[in-house]
């Protein structure tokens, strides 16, 4: 488990942060996802299988979390657990905010394609979407990024 | 990996070494907790994830808070009303247990460490719910109305209302099954024993119960609330 954690924690955290947009919830999510892995006793054929499982589980966890009433209601009940949105390291500041503001479906595809260097076909397999959908989302994501970043991204 | 601008942004949201170490410590700690029969959990940041799993249990607090706050505007009074600083232990229909104590603004929660089971099982193509010593075929109710509920009092005289309700999420996204489970305790204003329950569905069921408390027929209230939920969130 220690090895799986070391291999994947950064990737899982980044995906969580893209969805949840704050470090507190992202840290909690990382813990939940690894506990889920422990509980499931899932065995993996190889590190790529392990990575793909974690990507899908992380995405589903974050989507579920964002839908949960706790998430949506706690903001109203400010005396209950704190709602922290931007207490994170400075990073690229405003530009990072613009990236995080992109729709989730574009962010995850951009991330897997550029940072994790998955091919369109691999992303389609992992996210269970058509390759043409991934290509469209990639193109749309690039366009949005270009608009947001003033043309600073590279293909 | 190319060192382009977008990758620099992704790199910027990497966890620090300190964060990674803290998360691992918390995972180890919670892994140990999960192997013990029951643990007392105080509301700390590292345990927020466990509190989140209590979402349905706390749903009524929020719903009631809305209603109660409209009258008094004071959520602490709501806590006092339900918990009186002494706490309340409940055992839900599927065996989940929760104990709550509210002292001022500090909430102390003791929970059973694992989610209890589904009370619905398939048998010869039928959906059978096992509750309160009974086995009930709910296939028709789910097919015709989209929901089933069953009320009973447990050994400690707590009133339960077990709901099995068709959800809108299907199984392809986050719902475990095409229906969801929730045990509502009308007199205590709590719920728990949940499986596959989304926020939206919890709010629909909770809202229908509030409607019923205000005098509306429960079935009519459920019909209204659930139809809106299915229409809005259905695939």
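Quick notes on this one:
- Positions within region B:13-31 being under 23 Å from residue A:97 (Cα atoms) and touching a helix residue (DSSP H, G or I) at 6+ places or on another chain (Cβ under 6 Å), in sequence order: B:13, B:14, B:15, B:20
- Flag if residue A:68 is farther than 18 Å from residue B:18 by Cβ, at the interface with another protein chain (Cβ under 7 Å from one of its Cβ atoms), crowded, with 20+ Cβ neighbours inside 10 Å and modelled with pLDDT of 85 or more: no
- Residue A:139 vs. criteria at pLDDT 75 or above, assigned to a loop (DSSP other than H, G, I, E, B) and surrounded by fewer than 16 Cβ atoms within 10 Å (Cβ to Cβ): no
- Members of region B:190-205 that are buried (at least 23 other Cβ atoms within 10 Å of the Cβ) and not in a strand (DSSP E or B): B:197, B:198, B:201, B:202, B:204, B:205
- When residues of region A:20-36 are limited to those that are more than 10 Å from chain B (Cβ to nearest Cβ) and closer than 14 Å to residue A:60 by Cβ, the one surrounded by the most Cβ atoms within 10 Å (Cβ to Cβ): A:20
- Exclusive hit being in contact with a helix residue (DSSP H, G or I) (Cβ under 8 Å, 6 or more places away or on another chain), facing another protein chain (nearest Cβ under 9 Å) and at pLDDT 85 or above, set A:114, A:118: A:114
- Those residues of region B:18-44 which are modelled with pLDDT under 60 and closer than 15 Å to residue A:37 by Cβ, in sequence order: B:34
The values are calculated or read from the model by the stated rules, or taken from the named source; none is laboratory data. Since the structure is predicted, the reported quantities are computational estimates derived from the model, not experimental observations. Virtual Cβ from ideal backbone geometry, glycine too; neighbours counted across all protein chains shown.
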